[in-house]
Amino acid sequence: MDTVTLFVPCLMDAFRPEAAEAVVAVFKRLGFAVHCPAEQTCCGQPAFNAGYRNEARTAARRFLRLFGDAEAICCPSGSCVAMVRHHVPALFDGEPDWRALALRTAARTFEFTEYLVDVLGRDDLGASFPGRVTYHDSCHLLRGLGVREQPRRLLRRVRGLELVEMKNPDCCCGFGGAFSVKYPDISTALVADKVEWIRESGAEAVVGADLGCLLHIEGALRRKGLGVRALHIAQVLAGGR
Amino acid sequence: MAEHREETLFFQTLRRALGHPPNAARPAGDLFPAEPSAEERRLLARVSGRSEREREELVSRLAAAARPLHLEVQALDDLAAARDAVLRLVAEKSPEWGGEKQLVAWSHPLIESLGLAEPLARQGIPLHLTRPVDPALDAAAADEERRRQRSRIAASFIGITAADFCLAETATVVLRNRPGEPRSVALLPSIHVALVPRSRILADMKELFALLRWEERFRTEGLSNYLSFISGPSKTADIEATMVHGAHGPREMVVFLVPG
Amino acid sequence: MSAIRTDRYVEEARRGIADPVLRRALAGLQERFGRGTAEAYRRLPEGPGLRQTAHAIREKAIAHLDILLERLARRIRENGGEVFFAATAEEAVAHCAGIARRLGVKIAVKGKSMVTEEIGLNAALAAHGVEVVETDLGEYIVQLAGETPSHIIAPAIHKTRNEIADLFAQHLGIPRTTDPPRLTHAARRALREKFLAADMGISGVNLACAETGHISTVSNEGNIRMATTLARVHVAFMGMERIVARLDEYEIILRLLCRGASVQDIGTYVSFIGGPRRPGESDGPEEFHLVVVDNGRSRMLADPRFREMLCCIRCAACLNVCPVYGRIGGHAYGFAYSGPVGAVVTPLLTGIRRGRDLCLGETLCGACKDACSMDIDLPRMLLELRAILAEGDPGWGVEPSGGLERQVWKLWEGLVSRPALYERALQAGAVLQRLLPRTPAGWIRRLPPPFSGWTKSRDFPPVAAEPFRRRFAKRRKEADRG
């Protein structure tokens with residue numbers, strides 16, 4: 001039986017466990033055994049983005065120790081994978097052993113939709129999901145990993161799902177981690193436009209592949225009292241047959 | 001050697017920042033090659049081996065590139081047709097700043113061969129030719145001569161130049177600076193007419209630079225001290241992104257392609 | 001140096017966001033240029049990969065900057081021009097003021113130049129009694145209004161035709177009109193007088209070519225050609241990094257510059273200037289002076305983390321895609337340079353601690369990197385600046401951050417290193433959140449400081465009662481049992 005090791009983003013673990021369960025369900029349906037190291041916490045991205053590299057390194061070392069042996073690591077977040085792929089190796093520029101481990105791990109770490117489409121060659125997962133949805137390109141998935149078409153391909157194969165494009169799907173939603181709290185006015189101006197574009201698209205749900213953006217967008221949708229749901233793509237792909 | 005203390009210090013700081021000994025000028029190495037690259041040889045061969053048909057293709061590319069730039073390109077069969085085209089412009093257009101119709105043109109063999117002086121004189125329209133400033137003049141007299149030329153150029157509603165080259169890809173007229181060919185003729189009048197001999201049409205700036213760097217007959221003069229690339233009339237979109245032609249320079253530009 | 005107001009980023013950003021006219025103008029600008037530039041890169045005969053080639057050309061030029069600048073200066077001097085190397089903004093403006101004094105300059109006409117904005121040239125010349133007239137239409141409007149440019153290429157993007165109509169009616173004595181062609185023509189007439197009366201023309205330099213010894217300027221309006229042709233003396237200012245070795249390299253950079261700046265194949269006027277007019281020539285300046293400005297660039301050059309920033313040619317393509325710039329406008333950045341380029345270059349030129357909000361006030365979305373005509377990794381440098389702010393850097397005179405922020409990240413480090421503790425913290429959060437005002441669906445309406453910024457405009461998601469890892473472990477145990 002094929003095995004995949006699940007790297008669960010800390011935000012998903014804490015705020016949207018059902019999305020991670022959906023990831024597990026998708027892999028089960030594909031006949032995979034799913035490993036999920038119980039000790040995992042965070043890859044270090046928040047501290048790294050804030051400039052606290054020593055603290056980020058501590059988290060990154062733990063991550064590498066926990067996942068270093070895994071054959072294939074799958075993570076349902078573009079920004080976590082961008083961290084592992086691009087920034088973690090750079091964090092260990094001065095430590096050759098850790099750097100080598102970081103590079104090996106990076107080469108085996110994939111974002112969820114990228115793993116399904118590019119590695120496994122699957123786009124029809126037999127899912128069904130009634131309704132009209134629009135897809136938000138998260139910045140690090142799109143520009144950090146170059147993943148644009150894979151999630152759309154997956155969504156187009158979902159029974160009953162109508163995919164509509166919003167205006168500027170690739171424009172940042174204004175989350176940016178600590179940015180959303182430190183610079184609330186700018187962050188709000190960004191998400192207000194995003195919410196408007198989602199509303200204009202006529203979609204009943206906005207789907208994305210990064211929980212940070214989705215929680216941010218949903219927080220704004222809810223405050224505005226709009227009935228549009230924000231879903232991780234795994235939640236759609238796990239939708240019943 | 002550095003002439004000033006500031007300059008010495010500037011270069012010391014610079015070399016230190018680059019991680020080099022601060023006081024030793026470094027050799028240029030291969031930064032400025034003495035031979036054309038393979039790519040440049042290819043460009044030079046392309047220019048010299050260009051067939052008549054390929055030249056005609058360049059003309060259509062030039063016309064296509066000029067259209068969105070508001071640049072008018074007219075291909076003319078001979079110098080008489082070019083003269084008539086200029087005279088038509090003179091008749092149809094009126095001076096932007098008021099006053100009499102006056103023209104200014106470079107003292108350039110191609111322009112002089114049009115024979116504009118006589119028909120214009122018949123209509124009583126002055127044609128000013130911009131002669132080189134005589135080096136024998138003393139400073140005050142030379143200044144006076146420059147002032148006189150400038151006021152004539154500024155008073156003219158049409159300025160006529162002859163291009164050194166024309167780049168088809170971008171619809172660009174290339175002018176090099178010489179005595180008797182002041183750049184303000186392409187700048188102060190409201191309408192700029194550039195004559196371009198067909199043989200001087202190149203595909204693009206790559207070809208031009210290859211010629212200026214390596215082709216003996218162009219290399220000596222090089223870029224001159226003021227090389228202009230002009231691609232259409234002056235324009236601006238600084239007020240609410242609305243495109244307006246005629247910001248500071250000419251508001252109209254016409255290229256006449258002539259044989260030769 | 002011009003005034004530095006980087007410490008007002010947050011309030012100025014708020015002001016920009018609250019200005020509906022500015023927001024609409026910026027949205028229009030980004031709509032036109034943002035996508036257009038990406039498309040223009042794709043249509044290049046060499047493909048968008050030409051940006052990488054250009055990056056390599058620029059890096060090579062920067063690595064040989066001393067050699068290139070020496071060659072440029074030697075050539076210009078051979079051609080009768082003067083070259084002055086200024087270590088600081090003060091040296092640069094003093095040199096120009098000295099020329100103005102010597103020649104008794106009364107009016108100087110100026111083409112758009114970012115480096116002269118940086119060094120504060122206008123104010124310094126005005127103090128010497130010189131009337132400095134900005135001649136780029138956008139800059140002229142901004143100058144009449146007593147403001148500063150808010151975009152590198154479109155300086156008056158924040159002004160409406162109505163505001164411009166008032167300005168022109170007041171300053172140019174024309175009947176009030178909101179028609180852009182008429183307004184443009186009024187400025188054309190007023191500035192033509194200035195061009196013809198000016199004693200000094202001032203320009204920037206888009207890019208110099210060392211081999212031939214020329215500087216070059218690019219404009220659509222023709223104002224730079226006017227300023228560099230008609231006045232008795234031409235003074236050109238260039239940041240010391242704006243140079244390439246050869247013409248074939250120049251050609252590549254120019255094509256990307258024009259596409260990045262304004263989605264054009266080429267600017268209307270590109271001029272190569274190698275010196276003053278020669279004997280026998282009837283126009284062109286009698287004196288040509290080039291002022292090469294360091295003003296903090298050598299510090300960037302010496303630091304491998306930031307040397308890449310010197311590849312920048314100020315095309316402003318990054319402004320046209322940046323979501324943050326698109327909401328707050330250029331004035332928020334508090335210095336000559338705005339947008340992503342400003343967020344990196346301004347702190348490096350004017351102080352990292354002081355420009356802290358510029359380093360932190362971006363989302364790291366990466367759009368700037370994709371749009372950059374020179375393929376510069378701006379987000380990487382923002383991250384480096386953040387690391388300097390956190391960890392300190394004696395070379396840049398920055399102390400490590402202290403106080404609460406550091407403690408928060410230490411606490412975070414402790415938590416992510418101890419899974420049991422981490423989980424208990426989540427549990428505690430799940431319990432404590434019940435004390436906060438919540439929506440019927442359980443989302444949090446108001447968070448306490450320092451997180452209250454989020455809930456000003458957005459509900460905050462509740463922590464799940466049972467996080468995923470616990471659910472997964474539980475299920476695994478059940479499976480093992482069953």
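Hey, rough spin-label estimate for residue B:55 and residue B:97, points 7 angstrom out along Cα→Cβ, what's it come to in nanometres?
3.9 nm
Compute the normalised compactness of the stretch B:36-258: alpha-carbon radius of gyration over 2.2 N^0.38 Å, N being the residue count.
In units of the 2.2 N^0.38 Å rule of thumb, it is 1.06.
So for the protein assembly as shown, taking the charge dipole from beta-carbon charges (+1 Lys/Arg, -1 Asp/Glu), which of A:92, B:126, B:154 sits furthest toward the positive end?
A:92
Which whole number gives the average count of other chain Cβ atoms within 10 Å of the Cβ atoms across peptide B:176-185?
Numbers: counts 1, 10, 3, 6, 3, 3, 6, 10, 7, 2.
If you average over the peptide's residues, the count of other-chain Cβ atoms is 5.
Run down the lysines and flag those whose C-alpha is under 16 Å from the C-alpha of residue C:110, throwing out any fewer than 8 positions away in its chain.
Excluding near neighbours in sequence, the set is C:194.
Name the lysines eligible as straight-distance cross-link partners of residue B:101: C-alpha to C-alpha under 19 Å, and not fewer than 8 places from it in the same chain.
B:93
Treat every Asp and Glu Cβ in the stretch C:117-250 as -1 and every Lys and Arg Cβ as +1, leave all other atoms uncharged, and give the resulting dipole magnitude about the Cα centre to the nearest 20 debye.
The calculated dipole for the stretch C:117-250 is roughly 520 debye.
To the nearest whole number, what is the average tally of beta carbon atoms from other chains within 10 Å of the beta carbons of peptide C:324-335? Mind showing how you got there, number by number?
On the way: counts 9, 0, 5, 9, 4, 0, 0, 0, 1, 0, 0, 0.
The per-residue average across the peptide is 2.
According to a simple spin-label model (label point 7 Å from Cα along Cα-to-Cβ), what is the distance in nm between residue B:87 and residue C:466?
Result for the modelled spin labels: 9.8 nm.
Per residue of C:361-371, count partner chain C-beta atoms within 10 Å of its C-beta, then hand back the mean as an integer.
6
Starting with the highest mean, order C:128-140, B:139-151, C:28-40 by the number of other Cβ atoms within 10 Å, averaged over the residues of each peptide.
C:128-140, C:28-40, B:139-151
Taking 7 Å along the Cα-to-C-beta vector as the label spot, tell me the residue C:3-residue C:63 distance in nanometres, rounded to one decimal.
4.3 nm
Place a point 7 Å from the Cα of residue C:436 along the Cα-to-Cβ direction; which residues of the stretch A:197-213 have their backbone N under 19 Å from it?
A:211-213
State the Cα centre-to-centre distance between the stretch C:344-382 and the stretch A:86-106 in whole Å.
Centre-to-centre distance over Cα atoms comes out at 24 Å.
Quick one: C:252, A:198, fewest Cβ neighbours within 10 Å first, how do they rank?
C:252, A:198
Hey, can you grab everything whose amide H is under 5 Å from the amide H of residue A:229? Only 5+ residues off in sequence or another chain; H modelled, so Pro and N-termini drop out.
Under 5 Å from the amide H of residue A:229 lie the amide H atoms of A:205, A:206, each far enough along the sequence or on another chain.
May I ask you to give the average projected area over all directions of the convex hull of the Cα atoms of the protein assembly as shown, in nm² rounded to one decimal?
So the mean shadow area of the Cα hull is 43.5 nm².
Could you run the Karplus curve 6.51 cos²θ - 1.76 cosθ + 1.60 with θ = phi - 60° over the stretch C:381-397 and give me ³J(HN,Hα) per residue in whole Hz, x for Gly and Pro?
These are the phi-based 3J(HN,Hα) values: 6, 4, 5, 5, 5, 5, 5, 5, 4, 6, 9, x, 7, x, x, 9, x Hz.
I need the phi-derived Karplus couplings for the stretch C:192-200: 6.51 cos²θ - 1.76 cosθ + 1.60, θ = phi - 60°, integer Hz, Gly and Pro marked x.
4, 4, 5, 4, 6, 9, 6, 9, 9
What FRET efficiency do you get for residue C:177 and residue C:27 if R0 is 25 Å and r is their Cβ-Cβ distance, rounded to the nearest 0.05?
With R0 = 25 Å, the Cβ-Cβ based efficiency is 0.45.
List every residue whose amide H lies under 5 Å from the amide H of residue C:438, counting only residues 5 or more places away in sequence or on a different chain, with H placed 1.01 Å from N in the peptide plane.
Residues meeting the criterion, in which the H sits 1.01 Å from N, are C:445.
Among all cysteines in chain C, which have no other cysteine Cβ under 4.7 Å from their own Cβ?
Lacking a cysteine Cβ partner under 4.7 Å: C:96, C:209, C:258, C:311, C:312, C:315, C:322, C:359, C:372.
For the residues B:224, B:199, what sequence is obtained by ranking on other C-beta atoms within 10 Å, fewest first?
With the fewest neighbours first, B:224, B:199 line up as B:199, B:224.
For the protein assembly as shown, what proportion of DSSP beta bridges, expressed in % and rounded to the nearest 5, is antiparallel?
25 percent
Taking the Cβ of each residue in B:37, C:271 as the centre, tally the other Cβ atoms inside 10 Å and list the residues starting with the fewest.
Result, fewest neighbours first: B:37, C:271.
When DSSP assigns beta bridges and you keep just the ones with both residues in chain C, what percent turn out antiparallel, to the nearest 5?
Given both bridge residues lie in chain C, the antiparallel proportion sits at roughly 30 percent.
Taking the Cα centre as origin and putting +1 on Lys and Arg beta-carbons and -1 on Asp and Glu beta-carbons, what dipole magnitude results for the stretch A:124-237, to the nearest 20 debye?
Computed about the Cα centre, the dipole is about 160 debye.
Kindly flag which residue pairs out of B:235/C:106; A:194/C:456; C:106/C:159; A:182/A:224 have an alpha-carbon separation exceeding 19 Å in this structure. List each step's numbers first, then the result.
Numbers: B:235/C:106 28 Å; A:194/C:456 17 Å; C:106/C:159 29 Å; A:182/A:224 21 Å.
Table pairs above 19 Å Cα-Cα are B:235/C:106; C:106/C:159; A:182/A:224.
If each residue of separation counts as 0.36 nm, what is the full-extension length gain between residue C:411 and residue C:169 once their alpha-carbon separation is subtracted?
Result: 81.0 nm gained on full extension.
List the residues, sorted by chain then number, that are 5 or more residues from residue A:135 or on another chain and whose placed amide H is less than 5 Å from its amide H.
So residue A:135 has HN proximity to A:164, A:166, A:207.
Residue by residue through the stretch C:359-373, what is 3J(HN,Hα) from phi via Karplus (6.51 cos²θ - 1.76 cosθ + 1.60, θ = phi - 60°)? Round to whole Hz and write x for glycine and proline.
These are the phi-based 3J(HN,Hα) values: 6, 9, x, 10, 8, 6, 6, x, 4, 5, 5, 5, 8, 4, 5 Hz.
Magnitude of the Cβ-charge dipole of chain C, K/R +1 and D/E -1, about the Cα centre, nearest 20 debye?
With only Lys, Arg, Asp and Glu charged at Cβ, the dipole is about 2240 debye.
Given A:155, A:214, A:169, which one lies farthest toward the positive end of the charge dipole of the stretch A:124-237, if we put +1 on the Cβ of every Lys and Arg and -1 on the Cβ of every Asp and Glu?
Highest projection toward the positive end goes to A:155.
Once R0 is set to 41 Å, what does the formula 1/(1 + (r/R0)^6) return for the Cβ-Cβ distance between residue C:445 and residue A:100, expressed as a FRET efficiency to the nearest 0.05?
After rounding to 0.05, the efficiency reads 0.25.
Identify all aspartates and glutamates with a Cα-Cα distance to residue C:410 below 19 Å; exclude those on the same chain that are fewer than 8 residues away in sequence.
Within the straight-line limit of under 19 Å, residue C:410 reaches these aspartates and glutamates: A:55, C:391, C:399, C:423.
Here, each number is a calculation from the coordinates, and none is a lab measurement. Treat the numbers as computed from the prediction; the structure is a model and nothing was measured. As a convention, Cβ positions derive from the backbone with ideal geometry for all residues, glycine included, and neighbour counts pool all protein chains shown.
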